[in-house]
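In what follows, a structure is listed as structure tokens, so that the remarks can point back to it.
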Amino acid sequence: MDTLLEVGRVVAVHGVTGKIRVKAASGDPSGLLGAHTLRMRGKPDRGGAEGRDFEVDAAQRSGGCAVFALKGIDTVEAASGLVGSRVFVRRGELPPPEKDEYFVADLIGCEVTASDGILIGHVAGVVNGPAHDWLEIRCSGGGEALLPAVSEFIRDVDVARRRIVASPPEGWLDAR
């Protein structure tokens, strides 16, 4: 079974025929346009945790978002019910990541070590920022810390071995 990856959120209705606008988590909606099926999971307070699959009729890029026409969603009212939903796509329907790019799902749980091999912790999450992403590290000594996901601090990412080598800024662990 192909793994589902969270790729974005439905941010608005598009037009008057029930299309939806999806803001890509990566910031670039291009990779989403080849998806054949979208799984929508609503906000937890709406009871939408399980999700529902929708077949894609058409997809296009517009204003920094991916716009989808979905089978069975052909009115503004029906599309409005999807606004706020998290959007998932099967891994096999997405293009492979470019060099030095990774799916967030592949980073979660990776061991993070210093350049000298000392264990720093494990990746608990990835936080999107305006300039760059941040690795949320669950530290081996307890607590959590955010490490900028930039080449200055991330030296090597080996998804296959589930290992990230980092050179955090001096005093980084002390500051948390």
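Each residue in region 11-37 was checked for being farther than 18 Å from P96 by Cβ and either of a type in the set (G, A, S) or touching a Phe, Trp or Tyr at 6+ places or on another chain (Cβ under 9 Å) (or both), and 9 of them qualify.
Considering G18, G34, the condition of being on the phi > 0 side of the Ramachandran plot and not hydrophobic (A, V, I, L, M, F, W, C) is satisfied by G18 alone. If the condition is being in contact with a His (Cβ under 8 Å, 6 or more places away or on another chain) and part of a strand (DSSP E or B), then region 138-161 contributes R138, P148. When region 111-158 is examined, which residues are found to be in contact with a helix residue (DSSP H, G or I) (Cβ under 6 Å, 6 or more places away or on another chain) and under 20 Å from D28 (Cβ atoms)? Once the filter is applied, which keeps residues that are in contact with a helix residue (DSSP H, G or I) (Cβ under 6 Å, 6 or more places away or on another chain) and under 20 Å from D28 (Cβ atoms), region 111-158 yields only V126. So is D45 exposed (fewer than 12 other Cβ atoms within 10 Å of the Cβ), within 30 Å of H132 (Cβ to Cβ) and at pLDDT below 95 or not? Taking the combined requirement at face value, the residue does not satisfy it. Within region 70-86, the residues that satisfy the criterion of being at pLDDT below 95 and charged (D, E, K, R) are D74, E77, R86. Identification of strands (runs of 3 or more DSSP E) wholly contained in region 1-44 with 3 or more residues that are among the β-branched types (V, I, T) yields 4-14. In the set V112, V123, V89, only one residue is at negative phi, in a strand (DSSP E or B), within 12 Å of the chain's Cα centre (by Cα) and modelled with pLDDT of 90 or more; that residue is V89. The criterion of being under 30 Å from D57 (Cα atoms), of a type in the set (D, E, K, R) and free of Cβ contacts under 8 Å to residues at least 40 places away in the same chain does not hold for E144.
How about region 127-144: which of its residues are β-branched (V, I, T) and crowded, with 18+ Cβ neighbours inside 10 Å? Working first, answer last.
Step one: of region 127-144, the residues β-branched (V, I, T) are 127, 137.
Of everything in region 127-144, just one residue is β-branched (V, I, T) and crowded, with 18+ Cβ neighbours inside 10 Å, namely I137.
Which of the residues that make up region 1-23 are modelled with pLDDT of 90 or more and among the hydrophobic types (A, V, I, L, M, F, W, C)?
Matches in region 1-23: L4, L5, V7, V10, V11, A12, V13, V16, I20, V22.
What number of residues within region 124-138 satisfy the criterion of being under 20 Å from E170 (Cβ atoms) and either basic (K, R) or touching a Leu at 6+ places or on another chain (Cβ under 7 Å) (or both)?
The total comes to 3.
The values are calculated or read from the model by the stated rules, or taken from the named source; none is laboratory data. Bear in mind that the values here come from a model prediction, so they are computed numbers and not experimental data. Every residue, glycine as well, gets a Cβ built from its backbone with ideal geometry; the counts of neighbours run over all protein chains shown.
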